[in-house]
Amino acid sequence: MSDSDAALVARTLAGDLDAYAQLISRYRDTLGRYASYMVGNREDAQEVMQDSFFRAYRSLGDCRQPERFGAWLFRIVVNRCRTVQRRLSRDRQFTGELPSEVPANGDATSSLEWGEEISRALASLRPHYREAFLLRYVEGLEYDEMAKVTGANQPALRMRVKRASDQLRELLRDIHAS
Amino acid sequence: MPADHSHELQDETLRRAVAELRRPVALDPEIDAATLRRIRTQAPRPPGQPWWRSGRAAVTLAAGVLLVLFLRAPASEHMMNGARPVELRLVAPAGSRVVVVGDFNDWDPAATPLRPTGEPGVWKVELRLKPGRYHYTFLVDQRQWVRDPSEPPVPLTDFGTPMSVLTVS
């Protein structure tokens, strides 16, 4: 049976770096999915995750609820994604290249094409819309959790989700029509 | 397992897209080793204390503020490129605070407050917007959504919020 987040945080604070390695391994892929879709390419997503883990380690004493380490770390990841995304926007390097996972079932080629279509559409959304859409529908957060993670209030988040959904639907329709 | 809210989406294509996006993603496990190397070289001591209790807190904070100011300056200039002045007005005699939220400020109620014009109950704000089409609405006293009567309405959203659409040419 694996240790709880709280136990691993306590061991890390006591100087056990192996315990922190377990936390990294536990959250690398789950939060990495959000980072991948948010910044639009694997290389920058990996930079986001590495940087987030490093910052989280340095600030671990600020983690008031170690049993909710994942939620606390998620806030750091969201902020790092915003920073990297702003840099990418300035550099005009946002590509919308997305994780190229081969599906376990079904037609791999068509599924990959469909995945690329979605990523292109997602990448063309405004960052705040993309963020809200991913948090709501991909990460499954409730609106109060989204408010804590993003710092935005719930009416604004509901509107961003709605606008993102509308725009994504139009974009996917255009892709299929072309 | 994260909650699945995709039942809120009425469009089948969107639901399929969400199902695709919820597939697991595997990043390079090398991230783990790289992070630990960085910790060993740059932060070798256990993170026992909150950073703000350290003696370097004030310096770090000041540097952060300067960095934010530095980063924001060119962004603001960039936003002005090609933007046109647009004045929005609303008559809200009973309101004590009026803000506008829309596509231009990511629906952030803290971003764009209106100020009283001096005429009784009349509020205004001047925006600089690039050419485009923007959905927006006013929020009076953080509870009442009021669409701009001087611009065309858009159909009610799923959330029942009245909105207007503004075209900047």
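The values are calculated or read from the model by the stated rules, or taken from the named source; none is laboratory data. Fair warning: this is a prediction, and the values are worked out from it, not measured in the lab. In this analysis, Cβ positions are derived from the backbone assuming ideal geometry, glycine residues included, and neighbour counts consider all displayed protein chains.
Figures for the structure shown
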{"read-out": "Cβ pairs under 6 Å, 6+ apart, first in region A:122-141 and within 7 Å of chain B (Cβ to nearest Cβ), second basic (Lys, Arg)", "value": "A:His128/A:Arg160; A:Val138/B:Arg22"}
{"read-out": "Per-region count, region B:82-130, residues away from chain A (no Cβ under 14 Å), within 23 Å of A:Asn153 (Cα to Cα) and loosely packed, with under 13 Cβ neighbours inside 10 Å", "value": "2"}
{"read-out": "Residues of region A:131-178 classified as in a helix (DSSP H, G or I), surrounded by fewer than 24 Cβ atoms within 10 Å (Cβ to Cβ) and of a type in the set (D, E, K, R), total", "value": "11"}
{"read-out": "Any hit, region B:121-142, residues being at pLDDT 90 or above, assigned to a loop (DSSP other than H, G, I, E, B) and polar (S, T, N, Q)", "value": "no"}
{"read-out": "In region A:143-154, the residues that are more than 7 Å from every other protein chain (Cβ to nearest Cβ) and of a type outside the set (Val, Ile, Thr)", "value": "A:Tyr143, A:Asp144, A:Glu145, A:Met146, A:Ala147, A:Lys148, A:Gly151, A:Gln154"}
{"read-out": "Selection from region B:126-147 of residues that are of a type in the set (S, T, N, Q) and in contact with a strand residue (DSSP E or B) (Cβ under 6 Å, 6 or more places away or on another chain)", "value": "B:Thr137"}
{"read-out": "Leading residue by the ranking (surrounded by the fewest Cβ atoms within 10 Å (Cβ to Cβ)) among those in region A:1-50 that are farther than 16 Å from B:Glu30 by Cβ and acidic (Asp, Glu)", "value": "A:Asp18"}
{"read-out": "Some residue of region A:27-40 being of a type in the set (Asp, Glu), within 7 Å of chain B (Cβ to nearest Cβ) and at negative phi", "value": "yes"}
